[in-house]
Amino acid sequence: MLSTGALRAHLLAARLAGPVATPREVSLQSYRLFAARDPRVMLGLDPERGWKEPDLLRLMADKCGVSDDPAHVSGPDVIDPERTLAGLDAFAVRLSYAAVRRAPVLFGTGHPHRLLGFYAELADAMSAAGCPVLTPAQGRCIDITARFGVRTYSLDYVRGVAMVRETGARAPGGDTGAHTHSPLPVRVALEAAAEGCGRLPELVVGDHGWVCGAGQLGIEAIGLADTDDPALFVGEAEGRVSVAVPLDDAVRSAYYRPLTRYVLNRACLSQ
């Protein structure tokens, strides 16, 4: 079993926490855009309160451990590994609770190149525990506004984890997909789930729009978020997201494997 100390060391060595690759400039820009309610960074969340830049900086300092000094405007951003560990512990508690109830679960990611393996192992464990892992709207086309206009993607599932891929890019079932912040995929999936078997997930696990989009619709959601993803932490602060785990969400996929083992052990889901 991976100890807390060993995982803390791994977080720092892999730059999942501590000084991370996300530039401070990028994080601050995201906070400015969020304060202006730019849909590119809202991830489907409609905040109840008016969050200004200083509010967001204080929140992210509290939730992630970034510097709360507005004069600190360059260099790598920083995530406190203790906050990451606490987030993973809370994440595991929600998974364990869902497993005990054999609740239906939906997994989805906007970072398939990096995080697919992390979620897939969790999906396997939840399925083995008796939880239905839902896969609604397989193959459904979704028009998502991108930087250079509207692009059409298809919703696909790999090992129980939803992602979007460019239409015709590869055969369904492959391990590649597109990076997206959009909440449209989870909305389409939830609509299909409601119309089909009538079984909605009791828990959504993922990142970006999958978490905020589900939380905004009143479904419990937990996920991972970087320092430039303030929406998940605002959602957590306002009670729409149950758990937001602060970490770098774009390191090598293999670096997330110890996190998977840690979460499964904490949730008593190790096989």
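No lab work stands behind these numbers, since they all come straight from the coordinates. As the structure is a prediction and not an experimental result, all values here were calculated from the model. Backbone-built Cβ (ideal geometry, glycine too); neighbour counts: all protein chains shown.
When +1 charges are put on Lys and Arg Cβ atoms and -1 charges on Asp and Glu Cβ atoms, the dipole computed for region 4-266 relative to its Cα centre reaches about 560 debye. Computed over region 196-271, relative contact order equals 23 percent, with contacts defined as Cα pairs under 8 Å that lie 6+ residues apart. Looking at region 108-170, the trypsin sites (Lys or Arg not before Pro) that sit in a DSSP loop and have at most 11 other Cβ atoms within 10 Å of their own Cβ are Arg147.
Taking all Cα pairs closer than 8 Å and separated by 6 or more residues, the relative contact order of the chain comes to 26 percent. Here is the list for region 7-110: GluC sites (Glu not before Pro) lying in DSSP coil, each with at most 12 other C-beta atoms within 10 angstrom of its C-beta, are Glu48. The sum of -39500 (n - 2.57) across all DSSP H runs of n ≥ 4, divided by the residue count of the chain, sets its helix-only mean residue ellipticity at 222 nm to -13000 deg cm²/dmol. Other residues whose C-beta falls under 12 angstrom from the C-beta of Val241 contribute a net charge of -2, scoring Lys and Arg +1 and Asp and Glu -1. The slack in the chain from Arg252 to His72, taken as 0.36 nm per residue of separation less the alpha-carbon distance, amounts to 62.0 nm. When each of Val66, Val161 is scored by the number of other beta-carbon atoms lying within 10 Å, the sequence from fewest to most is Val66, Val161. Sorted ascending by nearby beta carbons within 10 Å, beginning with the fewest, Met42, Met163, Met1, Met60 become Met1, Met42, Met60, Met163. Counting only Cα atoms, region 4-266 measures 52, 44, 34 Å along its principal axes, largest extent leading.
Residues whose amide H comes within less than 5 Å of that of Phe107, counting only those at least five positions distant or on another chain, are Leu134, Ala162, Val205 (H built at 1.01 Å from N in the peptide plane).
Computed from the alpha carbon atoms alone, the convex hull of region 179-271 holds 120 Å³ per residue.
How much of the DSSP bridge set in region 4-266 is antiparallel, in percent, rounded to the nearest 5? Roughly 50 percent of the beta bridges in region 4-266 run antiparallel, per DSSP.
Using the Kirkwood radius over Cα pairs, work out the Stokes-Einstein diffusion coefficient for region 1-54 at 4 °C and 1.567 mPa s, in µm²/s as a whole number. Using the Kirkwood radius from Cα pairs, D works out to 95 µm²/s.
Could you check which residue among Gly87, Gly139, Gly160 shows the biggest mean-square fluctuation in a GNM of the chain with a 10 Å Cα cutoff? With Cα springs under 10 Å in the chain, the top fluctuation among Gly87, Gly139, Gly160 is at Gly139.
Residue by residue, region 99-104 carries 3J(HN,Hα) couplings of 5, 4, 8, 6, 6, x Hz when phi is fed to the Karplus relation 6.51 cos²θ - 1.76 cosθ + 1.60 (θ = phi - 60°); x denotes Gly or Pro.
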